[in-house]
Amino acid sequence: MMHPQRCQTTHRQVPVTPLFSPIHVRSAAWPVPFQLPEFSRDLELILAEANNSYDATGRHFMDASVKSAIMQELAKVIFSYTAYPTNQQILSVAEALVSKFPCLRKPGSFAGLYGWQQRIKNKMHNYRAKLRSRKYSYPEIEINTLKRKHPGDAVPSKNIKKPKKAEVNYLPPHPTGESQETLEKERLELIFEITKKNNAKIIADKMNKTFSSRRVEVVSLSPSVGVFKERWPALFTEAQIKEEFRRITTVSLEETFMRKLDEYTPGLMRAKGGAAGCKMRPLLDTLNDIFEPTQHLSGEGAGFTLDRHRTLRKKRDAVVCCLINYLGERQEDLFHDCQPKGLAPILGTAGEHGNDCIIKESLLKILLSH
């Protein structure tokens, strides 16, 4: 019988491949808190003088031409993070602006912010319209034009496609010199390349290159998982799932997952009750033993770091083994039995048959669905 206490997680480090074309994709998520850009020297001098006047007399700055220049700079910075800022993001921009330049507070509005919120919202609408009129392609804007919509949705405010939370590169443009046709040829070559052995580098390069093409399919066509897997089989591997997550969000999936796992352990697990909680309790009890100081942790230098790393691994192993019950998944979908030679279990002792549980690569895919 397989015991969850004897589970061992396998953390294989996959080299991070740079995004194919940094010029065509965003490299960072929305900053918290929002950082104002450095305005031109003339603007900074004018606003500094206006701040001094505001501190002395309480008089607000009302120069329309200067405010217009400020809005233009803000629109460029906002678009570098997202084409469709949320209300919360717009509020953070307004707060940063009036915090640095109190003279810009809007008289008569709550905290002097509401007027700027409306200005920024209208400016971003006009900024997107201006970009649409240019000869350059901005797919995340063009996808919402009336000619691209279904006849039944041909209303400006209906069925607007925009990034969800954490999506940074929602619908990036194709790399320079590439089109949907040339990237389709790359996709067909990719299907052939995945049949070869020891071909990870070529596959990673082609997956980076065809990223914009996949996003067009996902956003425009919303294909089923089966159809998408048939067209992009290379995506359904552990390495490329992690890379695709990074391409879309600019953050590492595994590092983020492990950091949050440490943050919410063990409080998150102890909140589970009922039958699932009873099944997890023996594993959770092992966490207390793991956290107790031992003689091995009293050393210094490299030995101390190594022992602390092992302790962290043990803690993570116990918590990940709890996930099978916490998420309500079937045990056989997450674990499989094996008898590797010379592999000592991390948690507990070997079972009746000396079997260990090793997390399958499909664990990552199942966790993503939650």
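Pairs are defined by a Cβ separation below 7 Å, a sequence spacing of at least 6 or placement on different chains, a first member in the range 43-67 that is more than 17 Å from Arg119 (Cβ to Cβ) and in the same structural domain as Cys103 (by TED's automatic domain parsing), and a second member that is assigned to a helix (DSSP H, G or I) and of a type in the set (S, T, N, Q); the pairs so defined are Arg59/Ser53.
Residue pairs whose Cβ atoms lie under 7 Å apart, sitting 6 or more positions apart in sequence or on different chains, and linking a residue in the range 219-233 that is touching a residue at least 24 places away in the same chain (Cβ under 8 Å) and loosely packed, with under 10 Cβ neighbours inside 10 Å to a partner that is hydroxyl-bearing (Ser, Thr, Tyr) and outside any helix (DSSP H, G or I), do not occur here.
Does Val32 fit the bill of being β-branched (Val, Ile, Thr), within 21 Å of the chain's Cα centre (by Cα), part of a helix (DSSP H, G or I) and surrounded by fewer than 16 Cβ atoms within 10 Å (Cβ to Cβ)? It is false that Val32 is β-branched (Val, Ile, Thr), within 21 Å of the chain's Cα centre (by Cα), part of a helix (DSSP H, G or I) and surrounded by fewer than 16 Cβ atoms within 10 Å (Cβ to Cβ). Residues that are touching a Pro at 6+ places or on another chain (Cβ under 7 Å), surrounded by fewer than 16 Cβ atoms within 10 Å (Cβ to Cβ) and not assigned by TED's automatic domain parsing to the domain that holds Thr86 occur at least once in the range 174-192. Of all positions in the range 112-132, none carries a residue that is farther than 22 Å from Val77 by Cβ, out of contact with any helix residue (DSSP H, G or I) (no Cβ under 7 Å at 6 or more places or on another chain) and modelled with pLDDT under 90. Restricting attention to the range 243-262, and to residues there that are among the hydroxyl-bearing types (Ser, Thr, Tyr) and more than 18 Å from Val319 (Cα to Cα), which single residue is surrounded by the fewest Cβ atoms within 10 Å (Cβ to Cβ)? Looking at the filtered set, the residue picked out is Ser252.
The values are calculated or read from the model by the stated rules, or taken from the named source; none is laboratory data. Source: prediction; values computed, not measured. Ideal geometry is used to build each Cβ from the backbone, glycine not excepted, and the neighbour counts take in all protein chains shown.
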